[in-house]
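Quick note: the coordinates plus some simple rules give every number you see, no bench work behind them. The model shown is predicted, which means the values in this text are computed figures rather than measured ones. Cβ coordinates were reconstructed from backbone atoms using ideal geometry, including for glycine residues, and neighbour counts include every protein chain displayed.
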Amino acid sequence: MSKTGARPRVLVVGAGLAGTATAIRLLHFARRPLEIILLERRADYRSAGVAYHRDGNPWDYVFNIQAGRMSVFREDVLDFVNWANQEADRRKWPRRWASWKFTEQGPAPRRIFQDYLDDRLAEAARESCSGVVLVEADGEALDARRCDRGFEVTVRGLAPHVTEGLRPGALPDTLLLDADHVVLATGLELREPPFAACVAGHPLFIRNPYSASAIRTLTALPADASVVIVGSVLSAYDTAGLLLRNGHTGPVRLVSRSGTLFRTYPGTHEHGVVRLPRPGILMEPYRGREEFLARVRTAWREACSSVREQHPEIDSVVVAERVAKAWEPYLPEAIDFIPSEELRCLLDEFSTGIAALRVGAVEYTMEIIERAMRPEDGRVELVGGRVQEITPAPSGRLTVSLAAQHERHSFEADLVVSNFGRESDYAKVGHPLWRSLVRSGVATPHARTGRGVEVDECGTLLDSHASPAGPISAVGVPREGDEIVRHGRTGAFAFNLAAIKNHSVAVAAHVVEQLELRRDGLHQLAARHPQYRSYVSNPEEAVRGALEESVELEVRRLASRERNRREALDSRLHARIRSMGGLPVLPTGVPRDERLIRAVVNRVAVERLNNVSVTPRQLRRQLGLEQAELPEE
């Protein structure tokens, strides 16, 4: 911790969706002075990242899911829709969207999400407690090393006036920044596809379809040009849809290793959760891939049939999604039987197919693609196979060579677009910050899946001995492997808004809790007794009632965006905890300190706020958040 009386500092590395969402929660949760530095190396990615930044998202690029699922607050499901209808500045929007009435089930342009996150971040800063400040800084984190305070981070491009306490770094144009806690929200890491080595930098090859230069190339392309899009996932539909809406008449080939196409959500589709029994057939010892896949297919057919019979109101198109999500609580147990090497192979082979089971796309995106794939149109074709090589052709075009089953073939194209081949193995990630963290042992590549890094249940990085590596956490993509084995969440993880929302709540609450305990001199005690986090019930009903009421107050405080309301709830919560006196609500050997009881209450409140067994709307009702007024004294 910084010197006595000094304001603690949290450095959030990455200001895209994950970093901004976490900063918003930090601003909401902090009850004492705190400096939050939100660091971003690309100014155009601030409050957006690769998925939502305006320069790479034309107005026709819409969310693949319905607008009603895009709120940054899971406990306030319609916040984004209400913002778009009531608060958004539409003066520079095109006519179609400027007059659009956004609905829960309808589409919304991705590019306006940047404005939404900007507004919600500014609101959170305005409504933060006294002494809590937000610093939005431009710069790139290159290294992070442990120090007495927490971590010393080497930053390139950071203006000296941004914050106090900077020192020159060892590298030219770098500064050293001390932080009490570091949150890594670095987003996806690109992997250069080996099949494109011969065309890297070629004007007819687009490596990043969400770059401003790619959008310019696509919109200026001759209408009769032949186009190959490597991949058939949702980003491929953006590219194809942009071409088709601009009147493209030439052939567009979607090259897919798995031959997967995503489903179109019905116009009335609502997010829902069903409960299914534990698929016991999956919990048997692993006896080989084919035998395991046969068991999966059997259990899957039975589960889908059960949903159709028990829930006839569910559209058949989304039955697969319901089953995939209902299975998530059971998958960690099933995954535990699979050897690591086999698990990695299964994830690599079936990741696109799993993603297509878990999520679809809105009609606005898919309608034009499906129409162009019909035989009477034929402008879009799905081609099965793995791209082996892309090379310049003597004609001046590009040759795409494919391997499909036991044969190879090739064709020429006027333009080739490669969708995101992201690097999920952090032993191979090339960014200097992650290279440094892995090399020093602060970060450990995820052993079971080879995806992301090892973290504990709070998102804290684990070292090679499976111990917390210090006050450093991760949100979003770097936690992919942990999400798979801990929560059974598979497929389409790079832009998984639901997971990011839960990460932002849990990490922000944990960071604030740790800083408070450390400032109060209780962090060593808490570290010696990790069970203090447990919600330890006492048989005395009075104690259970007091704890339950405290948790309800804390849930409402965490979910409140207005400072006055949070402070009023905090005051009531403090009084309620004090009224418990010396009652034994903590494990044996842990002092009955009110501040530790408060940490227990906060942990339970976070778990309830992040409950994924119900829909966001059900969660809001379940937690009593529909009531706008404060509980009476």
Where a label projected 7 Å from the Cα of D593 along Cα→Cβ would reach, residues of the stretch 502-523 with amide N under 14 Å:
513-523
If you rank S256, S395 by fewest surrounding Cβ atoms within 10 Å, what's the result?
S395, S256
Considering only DSSP states other than H, G, I, E and B, which GluC sites (Glu not before Pro) in the stretch 130-196 qualify as loop sites with at most 14 other Cβ atoms within 10 Å?
E164
Can you tell me what share of the DSSP beta bridges in the chain is antiparallel? A percent to the nearest 5 is fine.
50 percent
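Using the scaling law 2.2 N^0.38 Å as the reference, what is the normalised Cα Rg of the chain?
0.99
From the Cα gyration tensor of the stretch 89-223, with a ≥ b ≥ c the square roots of its eigenvalues, which class applies: rounded if a/c is under 1.5, or else prolate if a/b is larger than b/c, or else oblate?
Here the stretch 89-223 falls in the oblate category.
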Given R₀ = 35 Å, what would the calculated FRET efficiency be for E104 paired with D138, taking r from the Cβ atoms and rounding to 0.05?
0.45
Toward the positive end of the charge dipole of the stretch 200-309, about the Cα centre and with charges on Cβ (Lys, Arg +1; Asp, Glu -1), which of F262, S306, G250 goes farthest?
S306
Stretched fully, the stretch from E407 through N564 gains (0.36 nm per residue minus C-alpha distance, one decimal, in nm) 49.7 nm
Hey, fewest Cβ within 10 Å first, where do M580, M70 land in order?
M580, M70
Would you mind checking the tilt of helix 363-373 against the longest principal axis of the Cα atoms of the chain, expressed as 0 to 90 degrees and rounded to 10?
20 degrees
Which angle between 0 and 90 degrees, to the nearest 10, do you get for helix 340-358 versus the longest principal axis of the chain when only C-alpha atoms count?
80 degrees
Tell me, D238, D593, D224 in order of fewest to most beta-carbon neighbours within 10 Å?
D224, D593, D238
What number, rounded to the nearest 500 deg cm²/dmol, is the helix-based mean residue ellipticity at 222 nm of the chain, given -39500 (n - 2.57) per DSSP H run of at least four residues and division by all its residues?
-11500 deg cm²/dmol
How far is helix 541-559 tilted, in degrees, relative to the longest principal axis of the Cα atoms in the chain, given as a value from 0 to 90 rounded to the nearest 10?
50 degrees
Once you have the Cα-Cα distance between H574 and N85, take 0.36 nm times their residue separation minus that, and quote the gain in nm to one decimal.
172.2 nm
Convex hull of the stretch 166-280 built on C-alpha atoms - directionally averaged projected area, nm²
15.5 nm²
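Kirkwood hydrodynamic radius, the stretch 74-168, all distinct C-alpha pairs: what's the number in Å?
Mean inverse Cα-Cα distance, inverted, gives 17.0 Å.
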Give the Rg (one decimal place) followed by the Dmax (whole number) of the stretch 321-377, computed from C-alpha coordinates and expressed in Å.
16.3, 48
Whole number please: convex hull volume per residue of the Cα set in the stretch 280-358, in Å³?
86 Å³
For the pair D336 and T298, what calculated FRET efficiency results from E = 1/(1 + (r/R0)^6), where r is the Cβ-Cβ distance and R0 = 22 Å, to the nearest 0.05?
0.65
At R0 = 25 Å, how high is the FRET efficiency between D348 and R42 if r is their beta carbon distance? Nearest 0.05 is fine.
0.25
Given points 7 Å out from each Cα along the Cα-Cβ axis, report the H487 to Q310 separation in nanometres with one decimal.
2.3 nm
Only Lys, Arg (+1) and Asp, Glu (-1) charged, at Cβ; the chain dipole about Cα centre in debye
440 debye
